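Everything on this sheet refers to the single structure shown next.
The values are calculated or read from the model by the stated rules, or taken from the named source; none is laboratory data. Everything numeric in this text was worked out from a predicted model, so none of it was measured. When we count neighbours, we look across all protein chains shown, and the Cβ atoms used for this are built from the backbone with ideal geometry, even at glycine.
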């Protein structure tokens, strides 16, 4: 089956080294990692945004597998920094304090126009690609591209398209002006298949469609299947030189018990409440002081967006306060350092993921796969992965700081056999339901379109 | 039909005058006004909280029509100031910025226990009343009393109960710990009838039940019917001496065109964005400067709750800034002065109600009834009343400040015949669907229970 994959970020990014030679880097993010499996085994053209300067140079060159779309830079900023993040991201993760924010104004309207422009650029690139591969199935990804499927459908009524939404879907879209929310739903409903990680987001989508007078099940096929990990690749990575070196350092300096969180510095990840809960744990349980440490490995995220800059500063502040109160209790590293994260995956006693909302949360599938200490996972009930792993993790309400402190306390001291049982069950589940399975399911859905 | 009405506030409140004599005041708020019609025409016992010191004295005396429940004062504070307001109110009006608030902690848990205690007090009072009037139908009101119906049902399995929820119902209750949200839904589902102002809140309730594994339509009867105004009483009030005196003052000092808002100082009312929109109107349309004034008559609300104190301060700040930029453009009055509001109802050219969310919004039914200038109503799409009046008002998205500025501009200058047509249609609608109709519909629902 021929496939055209469309996502904002592509499988590779380009840069130049000091000598001025082009270098190729693997694209970042779980989506790209997951979809790389597709590229290896199928006839795929991948359409993505040219983001770096060197990407823009590559965009002008003839290519086979990857088509980079060079958007107008100002339009890309409006599309990415004002609409996709934070507006859509905040709506879909319920992050706005609606009493005062957002305020949609003239600038937001201009940015919405940018969002339309960039989506049209993508649609044009898809249509051009369909001219070369008329039988290809188009596979759109995520909240950057809600409008593109309708534009493709208008130009090519017979195109076969699917869209996978990787983030939560809320039922109430009234934060957006009526024309925008209609356009978003109409764009998604232009697809033959719309997929989500969980049944919950799927149900919510059907509901929000109905609130706008649309019957999702009559217009498209709704599916849900959680994305997963490339197990072989991940296990190899865990044994790689870079990871082993970081693990050795970590073992040398680790406390008796390690509570780990690995996240982007995103308000949706609920990092502030996590620190508060950990502080509360030490307040209430003097027996843990000096024995347990919170290691927060945070990848700096979206630092062109004020909300994200503020959030990162608030994290650094709360971490300093906690370290002052309980010296040695916390280590915060804000850096893009995946080998360090994987080394820590192997060493945690408790993995703490308390997201406000989370489409899935891949960390809680990756880390148990390589953990060596039968660590316990404390997981937000609002993370998509909770629907899948709920039986073996300790669930927490992300808003209940006391509940999280209690959960950490319990997670630090369960019986060894119970820890082992839950860790094994989680690992077995991820192995049995890996990213290849997810890919096969998606392809099966798509192949029903390609007949 | 014998009725037991249960609500937090009752139809009368008691105080003492300077001479130490008991005085009786009419209870405040739309709910109490609406329900007073019931008392006049049916055999009603009304159970409510003793709030003032004098209420607590009355609570100890034998009474017929009004039973005041004297709660433990500390429990009442947790119930009212921590759980009902702001927690439930903020959840149901989507006011939390979930990235950082709320943080549920030990104090919140204690307050939840208070909420249970006060609900149990109410249930005990209902059960005692049912011992006197075994055939009475019990009619619970609003978000203060979600748990009481289940307690009554447990004590009196054959009791016939209905519950009317006067505020919006969201689909997603995940802000609350699982046990709390289950208790709230379970409490409501213990009723024979559950009613809302609009079909939208009703649908959302059915959805949130399903998300918790409950089938609302199998367990109870869901109804929706918007509450309304006592037309005769309101028209008499508009001609009362107090109102006529205030109107005379207002006419003497009024600008050419008056934009009016009448609200409690509640974040759900969206007062800050309203000022921003009015400022934007004057920025963009110099022709209105000096001709149009925003009159904001705001009733100070819930000033024991920090969020409400902050919000009131922010309103005063933004009003000062606007008045500095455009002298004479704004008049802010923060006072409990209903005659002034009714006088202003008669005089507005534009009535502005841009609520973030609003169960109904009675102001937009009251004011058009007595307005003398064929004023235009600019109304939030998220107010329950929009479902009813949408055809004749100018709808706005409450988050879209630019859209609100545009709507005010349009509302200030429509053709006279169009203004008259819309004002008349709104007035006719409210007259035809007054509070008596609402009462009759509720009684009809209840009477199916009393057979």
- Item | Residue that is under 28 Å from residue B:211 (Cβ atoms) and surrounded by 20 or more Cβ atoms within 10 Å (Cβ to Cβ), where the choices are B:123, B:136 | B:123
- Note on the structure: Conditions (1) within 28 Å of residue A:141 (Cβ to Cβ); (2) in contact with a strand residue (DSSP E or B) (Cβ under 7 Å, 6 or more places away or on another chain); (3) crowded, with 19+ Cβ neighbours inside 10 Å -> residue A:362 fails only (2)
- Message: Just to check your reading of the model, which residue among A:403, A:395 is in a helix (DSSP H, G or I) and buried (at least 18 other Cβ atoms within 10 Å of the Cβ)?
- Response: A:403
- Note on the structure: Within the range B:291-304, of all residues that are modelled with pLDDT of 95 or more and over 17 Å from the mean Cα position of the chain (by Cα), the one surrounded by the fewest Cβ atoms within 10 Å (Cβ to Cβ) is B:291
- Look through the range B:286-325, keep the residues that are free of Cβ contacts under 8 Å to residues at least 60 places away in the same chain and part of a loop (DSSP other than H, G, I, E, B), and return whichever of them is nearest to the other protein chains (Cβ to nearest Cβ). B:301
- Message: Exactly one of these conditions fails for residue B:386: (1) buried (at least 22 other Cβ atoms within 10 Å of the Cβ); (2) in contact with a helix residue (DSSP H, G or I) (Cβ under 8 Å, 6 or more places away or on another chain); (3) within 14 Å of chain A (Cβ to nearest Cβ). Give me its number.
- Response: (2)
- Query: Do you know which residues across the range A:249-277 are within 13 Å of chain B (Cβ to nearest Cβ) and either closer than 20 Å to residue A:374 by Cα or in a helix (DSSP H, G or I) (or both)?
  - Reply: A:267, A:268, A:269, A:271, A:272, A:273, A:274, A:275, A:276, A:277
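Table: residues versus (1) over 18 Å from residue A:185 (Cα atoms); (2) under 25 Å from the mean Cα position of the chain (by Cα); (3) modelled with pLDDT of 95 or more; (4) within 14 Å of chain B (Cβ to nearest Cβ).
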position	(1), (2), (3), (4)
A:107	yes, no, no, yes
A:129	yes, no, no, no
A:134	yes, no, no, no
A:139	no, yes, no, no
- Message: Please go through the range A:342-365 and give me each residue that is away from chain B (no Cβ under 14 Å), over 19 Å from residue A:292 (Cα atoms) and touching a helix residue (DSSP H, G or I) at 6+ places or on another chain (Cβ under 6 Å), ordered by number.
- Response: A:342, A:359, A:360, A:361, A:362, A:364, A:365
- Message: Considering only residues that are more than 30 Å from residue B:311 (Cβ to Cβ), free of Cβ contacts under 8 Å to residues at least 12 places away in the same chain and not in a helix (DSSP H, G or I), which ones fall in the range A:103-154?
- Response: A:134
- Going through the range A:406-434 in order, the residues found to be within 14 Å of chain B (Cβ to nearest Cβ) and surrounded by fewer than 19 Cβ atoms within 10 Å (Cβ to Cβ) are A:406, A:409
- Query: Since residue B:339 meets every condition but one in (1) surrounded by fewer than 24 Cβ atoms within 10 Å (Cβ to Cβ); (2) within 16 Å of residue B:278 (Cβ to Cβ); (3) more than 14 Å from every other protein chain (Cβ to nearest Cβ), which condition does it not meet?
  - Reply: (2)
- How many of the residues making up the range B:83-105 are more than 21 Å from residue B:264 (Cβ to Cβ) and either more than 13 Å from chain A (Cβ to nearest Cβ) or more than 25 Å from the chain's Cα centre (by Cα) (or both)? 5
- Query: Restricting attention to the range A:29-57, and to residues there that are without any contact (Cβ under 8 Å) to a residue 40 or more places away in the chain and under 17 Å from the mean Cα position of the chain (by Cα), which single residue is surrounded by the fewest Cβ atoms within 10 Å (Cβ to Cβ)?
  - Reply: A:29
- In the range B:172-198, what count of residues is obtained for those that are away from chain A (no Cβ under 14 Å) and in contact with a strand residue (DSSP E or B) (Cβ under 9 Å, 6 or more places away or on another chain)? 10
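One line per residue, one yes/no per condition, for (1) within 14 Å of another protein chain (Cβ to nearest Cβ); (2) closer than 20 Å to residue B:37 by Cβ; (3) part of a helix (DSSP H, G or I):
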site: B:200; (1), (2), (3): yes, no, yes
site: B:208; (1), (2), (3): yes, no, yes
site: B:213; (1), (2), (3): yes, no, no
site: B:217; (1), (2), (3): no, no, yes
site: B:227; (1), (2), (3): no, yes, no
site: B:233; (1), (2), (3): no, yes, yes
site: B:237; (1), (2), (3): no, yes, yes
site: B:242; (1), (2), (3): no, no, yes
site: B:245; (1), (2), (3): no, no, yes
- Item | residue A:439 vs. criteria assigned to a helix (DSSP H, G or I), within 21 Å of the chain's Cα centre (by Cα) and farther than 24 Å from residue A:254 by Cα | yes
- Taking the range B:159-171 and keeping residues more than 8 Å from chain A (Cβ to nearest Cβ) and either in a loop (DSSP other than H, G, I, E, B) or under 19 Å from residue A:168 (Cβ atoms) (or both) leaves B:159, B:166, B:167, B:168, B:169
- Note on the structure: Residue hits (the range B:40-62; under 14 Å from residue B:126 (Cα atoms) and in a loop (DSSP other than H, G, I, E, B)) are none
- Task: Those residues that are crowded, with 23+ Cβ neighbours inside 10 Å and within 15 Å of residue B:101 (Cα to Cα), I need them from the range A:276-290; list them, please.
- Result: A:277
- Message: For the range A:242-260, which positions are free of Cβ contacts under 8 Å to residues at least 12 places away in the same chain and out of contact with any helix residue (DSSP H, G or I) (no Cβ under 9 Å at 6 or more places or on another chain)?
- Response: A:252, A:253
- Quick one: in the range B:71-102, which of the residues that are in a loop (DSSP other than H, G, I, E, B) and either in contact with a strand residue (DSSP E or B) (Cβ under 8 Å, 6 or more places away or on another chain) or in contact (Cβ under 8 Å) with a residue 40 or more places away in the chain (or both) is nearest to residue A:406 (Cα to Cα)? B:102
